[in-house]
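In what follows, a structure is listed as structure tokens, so that the remarks can point back to it.
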Amino acid sequence: MLYKSTRGSIKYKNSGQAIIAGLAEDKGLYVPVNIPPLPFSLEEGKEMSYRQVAKKIIGAYFDDFTEEEIAFCVDSAYDSKFDAKEIVPLARVGQSYFMELYHGKTAAFKDMALSILPYLLVTALKKEGIKDRICILTATSGDTGKAALEGFADVPGTEIMVFYPETGVSLIQEKQMTSQEGNNTHVYGIRGNFDDAQRAVKEIFNDKDFGRSLAREGIRLSSANSINIGRLVPQIVYYVYAYLQLLKSAVIKPGQGINVVVPTGNFGNILASWYGGKMGLPIKKYICASNKNKVLTDFIKTGLYDIRRDFYVTNSPSMDILVSSNLERLLFHLSDGDSFLLRDMMGALDKEKYYRANDCIINGLSNFYGNYSSIEDTNRIIGKMYEEEGYLLDTHTAVAYKVYEDYLNETGDRELTLIASTASPYKFAKSVAEALGLDKEKDEYAYIDSIYRATGVRVPKGLIGLKEKEVLHKSKIDPGEMKEEIWKQLHVKK
Ligand SMILES: *Cc1c(COP(=O)(O)O)cnc(C)c1O
């Protein structure tokens, strides 16, 4: 299987090379030249474990890896660090099924991909005969940083450096990162906001002299963000696995169609479901849920992608995003691989801050439905679902459920529906407590306790005892000091 850039660079890569590169030279994203069919029949798949399904699906895309290499990556990633033996349990609530993607170490869905990416990367380096040490640079607004730290901690041959805005993350998110163990982990608070941190990281990636100096030391910079094909493919697995589980418990018949609802930010998760559909999973509707930053809702409704608008900070922060990078991959596939068109559209987004889809893409979007949830509606849904169903949602999953209700009201479509549940409610404890109408508390830790007292819902392992954990990373630096700090850390380690 070969991978090519959405923007037409003629340099095809195998999967290992695409994973190492992350982004293509022409700034496009790597896509498989064709999407493979499901590597087993639905009947055969019914009895498979999560790990077995993962090996087959990931193996179908990354076919330059040997079976043993894929098995090593999958078995290392999806083990007892997940606090559910199914890895991804399904919860039936009313007539729909929540697919709980938050049972990994950091209690949010980023763990699904970031648990395996380090192993895929290290294996790819070995296959390509690259002996360099890899240094992962990550600017984070919260969730990605911790998931990347957990994924890469103590993985041989790698260093992981995370930069977060000193005042831009929650107390819990900060403590999750600053208490990170592992000999190869480095965490810095940046004096500035997320954009300052992000900009500085991008500048470091683009600094050719710095890159050459590092290369002389046998060090290569890389990124763990969600445009890497090594993050996308592992996310297809849980859609297939969930369908097989529904089949196994005779909730659906073989071949029966289902709908999926996905709370969407960078468009990675919902795109993975679409790849699953292209592989042969009978998905009828892709329901794309946004918060108040509803660029995608408008795009799906009108074909106009327009970021000339205000940016809102909401209570579902992991979806506060205007440019959904992974959409580029869908546009590429829907336009039959028209990379000239893609270059034009992405160029327009850069310069004019908007683009319009052509008829071919608009037709291709006909099995997508988009809508959004306000902060108030999100809170109302959390309260209502807990009261009526005894099921506690986090803010992101509540956005998904609100949009699902809109869809039901508009269409009356009663197809069985799978809702992606992307975070533990405890990860966004203050917002969830407010939505439940609980008393004000002094800090986020106290909100975790108060939700537990009110609901009895189990607190994820990774959040227990967090308050008492030792702070291991105390550095606060200016964005301008990042480069020097990277050099110093990597040099000391030689
Ligand atoms: C990242 C994230 C999302 C958005 O997922 P995308 O793949 O970026 O669309 C939704 N919910 C949570 C909790 C997340 O961390």
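The values are calculated or read from the model by the stated rules, or taken from the named source; none is laboratory data. Everything numeric in this text was worked out from a predicted model, so none of it was measured. Neighbour counts are summed over all protein chains in view; Cβ atoms, including those assigned to glycine, are modelled from backbone coordinates with ideal geometry. With ligands, DNA and RNA removed, areas are computed over all heavy atoms of the protein, side chains included. Shrake-Rupley method; radii C 1.70, N 1.55, O 1.52, S 1.80 Å.
Go through (1) of a type in the set (Ser, Thr, Tyr); (2) under 23 Å from residue 23 (Cα atoms); (3) within 17 Å of the chain's Cα centre (by Cα) for residue 354 and report which single condition fails.
With respect to (1) of a type in the set (Ser, Thr, Tyr); (2) under 23 Å from residue 23 (Cα atoms); (3) within 17 Å of the chain's Cα centre (by Cα), residue 354 is out only on (3).
Pick from 132, 111: which is open to solvent by less than 10 Å² (accessible area, probe 1.4 Å), charged (D, E, K, R) and touching a residue at least 40 places away in the same chain (Cβ under 8 Å)? Break it down into steps so the answer makes sense when it comes.
Details: 132 fails: open to solvent by less than 10 Å² (accessible area, probe 1.4 Å).
Answer to the selection: 111.
Among the listed residues 342, 331, identify the single one that is open to solvent by less than 30 Å² (accessible area, probe 1.4 Å), away from the ligand (no atom under 16 Å from the Cβ) and touching a Ser or Thr at 6+ places or on another chain (Cβ under 9 Å).
Details: 331 fails: away from the ligand (no atom under 16 Å from the Cβ).
Exactly one of 342, 331 is open to solvent by less than 30 Å² (accessible area, probe 1.4 Å), away from the ligand (no atom under 16 Å from the Cβ) and touching a Ser or Thr at 6+ places or on another chain (Cβ under 9 Å), namely 342.
Please specify each residue of the range 411-453 satisfying the condition of being among the polar types (S, T, N, Q) and open to solvent by less than 20 Å² (accessible area, probe 1.4 Å). Don't jump to the end; show me each part of the working.
Looking only at the range 411-453, we keep the residues that are among the polar types (S, T, N, Q), and these are 411, 417, 421-422, 424, 431, 450.
Hits for the range 411-453 are 417, 421, 422, 424, 450.
Would you please list the contacts, defined by Cβ atoms under 6 Å and residues six or more apart or on different chains, that run from a residue in the range 171-194 that is hydroxyl-bearing (Ser, Thr, Tyr) to a residue that is open to solvent by less than 10 Å² (accessible area, probe 1.4 Å) and part of a helix (DSSP H, G or I)?
These pairs meet every condition: 185/149.
Checking the condition at positive phi and open to solvent by 20 Å² or more (accessible area, probe 1.4 Å), which residue from 157, 168, 142 passes? Steps first, answer last, please.
Values: 168 fails: at positive phi; 142 fails: open to solvent by 20 Å² or more (accessible area, probe 1.4 Å).
That would be 157, the only listed residue that is at positive phi and open to solvent by 20 Å² or more (accessible area, probe 1.4 Å).
Residue-by-condition table, conditions (1) of a type in the set (Val, Ile, Thr); (2) without any contact (Cβ under 8 Å) to a residue 24 or more places away in the chain; (3) in contact with a Gly (Cβ under 8 Å, 6 or more places away or on another chain); (4) in a strand (DSSP E or B):
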site	(1), (2), (3), (4)
355	no, no, no, yes
360	no, no, no, no
371	no, no, no, yes
384	no, yes, no, no
387	no, yes, no, no
430	no, no, no, no
442	no, yes, no, no
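Within the range 90-103, restricting attention to residues that are open to solvent by less than 10 Å² (accessible area, probe 1.4 Å) and within 16 Å of the ligand (Cβ to nearest atom), which residue is nearest to residue 226 (Cα to Cα)?
101
For the structure I just gave you, tell me whether residue 69 is at pLDDT below 95 and outside any loop (DSSP other than H, G, I, E, B). Explain how you work it out, then say what you get.
Numbers: at pLDDT below 95: no; outside any loop (DSSP other than H, G, I, E, B): yes.
Against the criterion (at pLDDT below 95 and outside any loop (DSSP other than H, G, I, E, B)), residue 69 does not qualify.
Restricting attention to the range 370-410, which residues are open to solvent by 30 Å² or more (accessible area, probe 1.4 Å) and basic (Lys, Arg)?
Hits for the range 370-410 are 380, 384.
Could you say whether any residue in the range 473-480 is in contact with a Gly (Cβ under 6 Å, 6 or more places away or on another chain) and open to solvent by 10 Å² or more (accessible area, probe 1.4 Å)?
Among the residues of the range 473-480, at least one is in contact with a Gly (Cβ under 6 Å, 6 or more places away or on another chain) and open to solvent by 10 Å² or more (accessible area, probe 1.4 Å), which makes the answer yes.
Go through (1) touching a Gly at 6+ places or on another chain (Cβ under 9 Å); (2) at pLDDT below 95 and name the single condition residue 330 misses.
Every condition holds for residue 330 apart from (2).
Just to be sure, is residue 87 in a loop (DSSP other than H, G, I, E, B), crowded, with 20+ Cβ neighbours inside 10 Å and among the aliphatic types (A, V, I, L, M)?
Details: in a loop (DSSP other than H, G, I, E, B): yes; crowded, with 20+ Cβ neighbours inside 10 Å: yes; among the aliphatic types (A, V, I, L, M): yes.
When the stated conditions are applied, residue 87 passes them.
Do any helices (runs of 4 or more DSSP H) lying entirely in the range 223-322 carry at least 1 residues that are surrounded by 20 or more Cβ atoms within 10 Å (Cβ to Cβ), touching a helix residue (DSSP H, G or I) at 6+ places or on another chain (Cβ under 7 Å) and of a type in the set (S, T, N, Q), and which ones are they?
Details: elements: 229-248, 268-279, 295-302.
The qualifying helices (runs of 4 or more DSSP H) are 229-248, 268-279.
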